Structures are given as C-alpha cells and as structure tokens.
Amino acid sequence: MRLLLVEDNGRLADLLVAGLGRRGFSCDHAASLAMASEAIAAQVHDVLIVDRGLPDGDGIAWLRDIRRQGHMQPALVLTARDALEDRVTGLDAGADDYVVKPAEVDEIAARIRALMRRPGPRAQTELRFGPLLVDSARRMTLCAGQAIDLSRRETDLLELLLRQAGAVVRRESIESALYSFAEPVTPNAVEATVSRLRRKLEEAGARGMLHTVRGVGYMLREPAA
C-alpha cells in the first residue's frame, strides 16, 4: 500500500515515513503542495495524509481542488488545528478522516487500514487468484488457506501482480510501486525481490505461477493442470 505524506515539518515527516514503513506501508513525502501535486501526477497513491499549514497554502484547499480534478483516493488530514469548525471544514472539503497532532503512528496506521476497508470507489483490499489470497488492509497473504510469511516489498509485489493477474507487469512499474521517491534502488533490487517471492510461493504450494517475461517484466498465471 503506497501513501503520500504532505508535511512540511521535516523531523515529523521522517518519523512518520519510518514508522509507517515499519508497519508495512511505502510512504512518499512531499514538503509542499506543489511537490504533492507533482507526486500525485507521477504516481498512484492508495491514501493521502495531508497537513493543513503548508508553506505554499492550505492543505484543505488543495484537497478540495484535487477532488474536483478527479483524485478520489482516501485522504486523512493530520493537523494541529483541533477546533470543531476546522474538523468540519476538513471533512466537508473531501477528507475521509481528521486526526489532530500529536498522534501515535499506531493510531495513524490503524486509521489508514480503516479507510481502505470502507466501501466505495477504493482499491480492492482482498485479492484472490488461484490458491493465493492477499488482504492488503490486514497485510496478510495466504496460499490454499495457509499463511505465507512475506516481507513488505514481497507483499507489495504480489499485490501488484494480483491486480493485473494474467497480464505482464513491466519492470519499471514494479520499481515505481515498490520504492518511494527517496529510496535508492540498486540495479538488481527488483529481480532479487521477485526471486524471493517466487521461492516462497513455490514452498507454499503455488508452483509455476510467477513467470519472468524476459526484457519486459513479470506476470502471474494460473498453475498448469
């Protein structure tokens, strides 16, 4: 699950990115609304976390504007403004949740998971293909009903492949989905993650499902009968 954090306090942003990363989320960071606009134009994010007081404007006004442009992913406003009218304004502008600083990372992570479980035009959180099931909201992966122990990146990769099962997912798309803008990516990072995921799937009984399309990318196919 990929997040975009729009927060100008560098220390707080670093703590949140690291804390959410330890809880299974890939988190991009934008320190201004201009950077946030560039980020959502370049990458699809599952949830937005938006501060109100940014150097170049109000996060609520920005959220209202991107809703008009058709960006409907869940948004959580994270701000020090705790007056009732501020909460009402934020929710009316298109926020799905409103959290007052300071807030514990565990609570923020739980609210993100709750947002992803809500009905509506959201990304599907439970994905099934053949014997595989990934519940992205609960960060749980099963093969024929048995749990598989996957790392965050392995889970993110499997979720991406499941969403496009039967089709080739290009290597560049995988790299973009697995790594935030600030993370360094080694030349063989994607291949190493694919190799680990393939081994774990085969050990769990999902043999012959993860295929390499040389020079292009990877795909999931139903195992041969």
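The values are calculated or read from the model by the stated rules, or taken from the named source; none is laboratory data. Since we're looking at a predicted model, the values are computed, not measured. Positions of Cβ are generated from backbone atoms using ideal geometry, with glycine treated the same way; all protein chains shown enter the neighbour counts. These accessible areas exclude ligands, DNA and RNA; they are computed on the full protein's heavy atoms, side chains included. Shrake-Rupley method; radii C 1.70, N 1.55, O 1.52, S 1.80 Å.
Tabulated results
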item: Cα-based shape type of the range 131-225, given that a ≥ b ≥ c are square roots of the gyration tensor eigenvalues and the cut on a/c is 1.5; result: oblate
item: On Cα atoms only, tilt of 189-204 relative to the major axis of the chain in degrees; result: 60
item: Percentage relative contact order, the range 1-82, counting C-alpha pairs under 8 Å, at least six apart; result: 33
item: Per residue accessible area of the range 125-225, 1.4 Å probe, in Å²; result: 52
item: Pairwise FRET efficiency - residue 195 versus residue 135, Cβ, R0 = 30 Å, nearest 0.05; result: 0.80
item: The range 48-122, relative contact order in percent, only Cα pairs under 8 angstrom and at least six apart counted; result: 30
item: Unit charges on C-beta of K, R, D, E only; dipole of the chain, Debye; result: 900
item: The chain, helix-only ellipticity at 222 nm - DSSP H runs n ≥ 4, -39,500 (n - 2.57), divided by all residues, nearest 500; result: -12500 deg cm²/dmol
item: Computed FRET value (nearest 0.05) for residue 44 with residue 144, which takes r as the C-beta separation and R₀ as 30 Å; result: 0.50
item: Options 219, 91, 72, ranked by Cα towards positive dipole end of the chain, top entry (Cβ charges); result: 219
item: For the chain, with +1 on Lys and Arg beta carbons and -1 on Asp and Glu, the positive-most of 141, 17, 210 along the dipole; result: 210
item: The range 23-126 shape via C-alpha gyration tensor axes, a/c threshold 1.5; result: rounded
item: Rounded to 10°, Cα long-axis angle of helix 10-22 versus longest principal axis of the chain; result: 30
item: Length gained when the stretch residue 68-residue 128 is fully extended (0.36 nm per residue, less Cα-Cα span); result: 18.3 nm
item: The chain - percent relative contact order, Cα under 8 Å, separation 6 or more; result: 15
